[in-house]
Amino acid sequence: MKLILSRKGFDSAAGGVPSPIFPDGRMLSLPIPDNIKSGTKYVDIFYNGKSLGPLIEQLASKIKSHAHLDPDLVKESLQSREDGWRPIFGQSGAAQGHLHNNDISTGDLFLFFGLFQNIEEREGVYTRVPKSKPRHVIWGWMQVDKVLHLGINKPDGYKWAEYHPHFRSDEPNNVVYIAKPQLEINGIILKDVPGAGVLPRYSSELQLTAQDADKVTDWELPGWFYPGESRKPLTFHPNLQRSWNLHGNRTKLKAASRGQEFIIDSQEYPEAISWACDLITNHSQA
């Protein structure tokens, strides 16, 4: 099984601001803007039964109307779904080339992370908490069941996915990943854990950015992430001297500011499986 740390949601480039951590600890990854391929408007997307439209206006007033709802992990995010809907994630271009070159396929596990910041409510309006530092936080997961290569002619049997921006695109190297119904680890199906979902509340265990970091890309990870001389490092981080430092049982990483997916193989990093499963099972409930 390969583990993919996948950067998704608002950031300083796409959306212009971090996604919110609400006063009660709930967090919400905001889908990036897309006024070209997407037919889904922010007002059409729902969180806790309410449209995202007003929240987007308060936190990112310059954002235009349409959203790139990808990955799409929560059925209730849209009020109308075709029968057969499954959590889905798309990738294309060079980013998909990276996934292809690393043979991402059935059984591999995405952990989605993004840029988050605390917000507060003042007189019914949400604003950023002054001096609250943005940080990278893991917010969702998806285990791959099917990999669909999309050309000009889309595959039959996926009417439920026609809303998705990658089904609406004719760009080359365009692929979507469909989630497993249940999480499956080492051939064992975890019946109480879906194959995809969100981690609804902030926890320091989900935070990748070091607590004392000046930059969001200064990460602190479990010690086993350290590649040493004998294991391939997390992709996009090949320079052991420049990027990696081992401090006791923790690893410090200067994470790449570019690149959407960072990948390791559990054959070289067997600890990755239990680490990811613990994050999902411990933090998937509201």
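The values are calculated or read from the model by the stated rules, or taken from the named source; none is laboratory data. Bear in mind the structure is a predicted one, so any value in this text is a computation, not a measurement. Quick reminder, even Gly has a Cβ in these numbers, built from the backbone with ideal geometry, and neighbours come from all protein chains shown.
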Exactly one of Leu59, Leu109, Leu148 is modelled with pLDDT of 95 or more, in contact with a Leu (Cβ under 9 Å, 6 or more places away or on another chain) and either over 19 Å from Lys41 (Cα atoms) or surrounded by 14 or more Cβ atoms within 10 Å (Cβ to Cβ) (or both), and that residue is Leu109
Is there a residue being in contact with a helix residue (DSSP H, G or I) (Cβ under 8 Å, 6 or more places away or on another chain), in a strand (DSSP E or B) and either farther than 21 Å from Ala272 by Cβ or not aliphatic (A, V, I, L, M) (or both) anywhere in the stretch 93-109? no
Residues of the stretch 257-276 classified as surrounded by 15 or more Cβ atoms within 10 Å (Cβ to Cβ), under 17 Å from the mean Cα position of the chain (by Cα) and part of a loop (DSSP other than H, G, I, E, B), total: 2
Taking the conditions exactly as written (of a type in the set (D, E, K, R), surrounded by fewer than 16 Cβ atoms within 10 Å (Cβ to Cβ), touching a residue at least 12 places away in the same chain (Cβ under 8 Å) and not in a loop (DSSP other than H, G, I, E, B)), does Glu76 satisfy them or not? yes
Would you please name the residue that is surrounded by the most Cβ atoms within 10 Å (Cβ to Cβ), looking only at residues in the stretch 172-218 that are hydroxyl-bearing (Ser, Thr, Tyr) and touching a strand residue (DSSP E or B) at 6+ places or on another chain (Cβ under 7 Å)? Tyr177
His149 is checked against (1) assigned to a strand (DSSP E or B); (2) in contact with a helix residue (DSSP H, G or I) (Cβ under 7 Å, 6 or more places away or on another chain) and fails just one. What number does that condition carry? (2)
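Conditions tested, residue by residue: (1) of a type in the set (S, T, N, Q); (2) assigned to a loop (DSSP other than H, G, I, E, B).
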site: Leu3; (1), (2): no, no
site: Ala13; (1), (2): no, yes
site: Pro20; (1), (2): no, no
site: Pro54; (1), (2): no, no
site: Gln58; (1), (2): yes, no
site: Lys64; (1), (2): no, yes
Any hit, the stretch 177-196, residues being under 16 Å from the mean Cα position of the chain (by Cα) and within 30 Å of Ser132 (Cβ to Cβ): yes
Selection within the stretch 114-126 - outside any loop (DSSP other than H, G, I, E, B) and more than 15 Å from Arg26 (Cα to Cα): Arg122, Val125
All-but-one check, His66 against (1) modelled with pLDDT under 95; (2) surrounded by 17 or more Cβ atoms within 10 Å (Cβ to Cβ); (3) closer than 20 Å to Val175 by Cα, failing number (3)
Counting just the residues of the stretch 32-50 that are within 20 Å of the chain's Cα centre (by Cα) and among the polar types (S, T, N, Q), which one comes out nearest to Ser77 (Cα to Cα)? Asn48
Kindly establish whether Asp83 is in a loop (DSSP other than H, G, I, E, B), charged (D, E, K, R) and over 20 Å from Arg201 (Cβ atoms). yes
Contacts under 7 angstrom Cβ, first residue in the stretch 234-254 being assigned to a strand (DSSP E or B), partner hydroxyl-bearing (Ser, Thr, Tyr), 6 or more apart: Trp244/Tyr226; Trp244/Thr251; Leu246/Tyr226; Thr251/Tyr226; Leu253/Ser243; Lys254/Thr217; Lys254/Ser243
Could you tell me which residue of the stretch 80-91 is farthest from Lys50 (Cα to Cα), considering only residues that are modelled with pLDDT of 95 or more and of a type outside the set (D, E, K, R)? Gln91
Within the stretch 236-286, of all residues that are small (Gly, Ala, Ser) and touching a Gly at 6+ places or on another chain (Cβ under 9 Å), the one nearest to Leu221 (Cα to Cα) is Gly248
Show the residue pairs that are 6+ apart or on different chains and have beta-carbon atoms under 7 Å apart, the first residue being within the stretch 199-228 and in contact (Cβ under 8 Å) with a residue 40 or more places away in the chain and among the charged types (D, E, K, R), the second being crowded, with 20+ Cβ neighbours inside 10 Å and not in a helix (DSSP H, G or I). Arg201/Met27
